[in-house]
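Peer 1: Handing you this structure, nothing more for now.
The values are calculated or read from the model by the stated rules, or taken from the named source; none is laboratory data. Note that the structure is a prediction, hence the values are computed from the model and not measured. Heads up, the Cβs are rebuilt from the backbone with ideal geometry, glycines too, and the neighbour counts pull from every protein chain shown. With ligands, DNA and RNA removed, areas are computed over all heavy atoms of the protein, side chains included. Shrake-Rupley method; radii C 1.70, N 1.55, O 1.52, S 1.80 Å.
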Amino acid sequence: MFNKNKNYNILFCSTLIPQKNYRLAIDGYKKLVSIPDIKELDEIPKLVIVAPSIPDKLMTEIQLFNKGEVGHILLEKYENIDKLLKDSYIFLSLQDYDNYPSQSLIEAMAHGCSVIATNFGDTSKIVKVNYNNYLIEKDVSELVDAMIKLYLKTIYQL
């Protein structure tokens, strides 16, 4: 169940290289907040990206997106990761290779984050699929479905 001390943030923490699938996180988030039923809710989740650096092209894309009516992508620094993990509800780990063993997944779960992770290698040894965790294929529709399920559980206390 949703911890009232957390907010609705979706956290993606990684270096922004193709194998970590930051593009999947951003595209999935954009698709999520474009859904009419989500757009009408009082609390729209934010995507928080924590990375050591942001390429200029991506920075421009995020700035343009944030000028829109719905949704917001925040950029944060690694120094804030502990607070961000404590505050966020969903943690995304979308890499193309084995997440096992993954310190970031373990830390996210220890902070009470629900996890959506790509199902590569032995990731299932860490992420147990249940009410609050999802293993997905590298697919934007699967990511959006998992985010919707977790978000609706959160706001409706299912």
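Peer 1: Please compare each pair in K39/K125; K67/K128; K20/K83; K57/K125 to a cut-off of 29 Å on the Cα-Cα distance and tell me which ones are over it.
Peer 2: Exceeds cut-off: K39/K125; K67/K128; K57/K125.
Peer 1: Between L41 and A110, what FRET efficiency comes out of the Förster formula 1/(1 + (r/R0)^6) with R0 = 25 Å and r the beta carbon distance, rounded to 0.05?
Peer 2: E(calc), rounded to 0.05, equals 0.30.
Peer 1: Still on this structure, I have one more. Would you give the gap between the C-alpha center of segment 9-28 and the C-alpha center of segment 80-149, rounded to a whole Å?
Peer 2: Here the two parts' Cα centres lie 12 Å apart.
Peer 1: Right, next: What's log10 of I(q)/I(0) for the chain at q = 0.11 Å⁻¹, Debye sum over Cα points only, no solvent?
Peer 2: Summing over Cα pairs of the chain leads to -0.38.
Peer 1: What's the carbon and sulfur percent of the chain's accessible surface, probe 1.4 angstrom, rounded to a whole number?
Peer 2: 52
Peer 1: So with the 1.4 Å probe, I'd like the accessible area per residue for the chain, rounded to whole Å².
Peer 2: Solvent-accessible surface per residue comes out at 52 Å².
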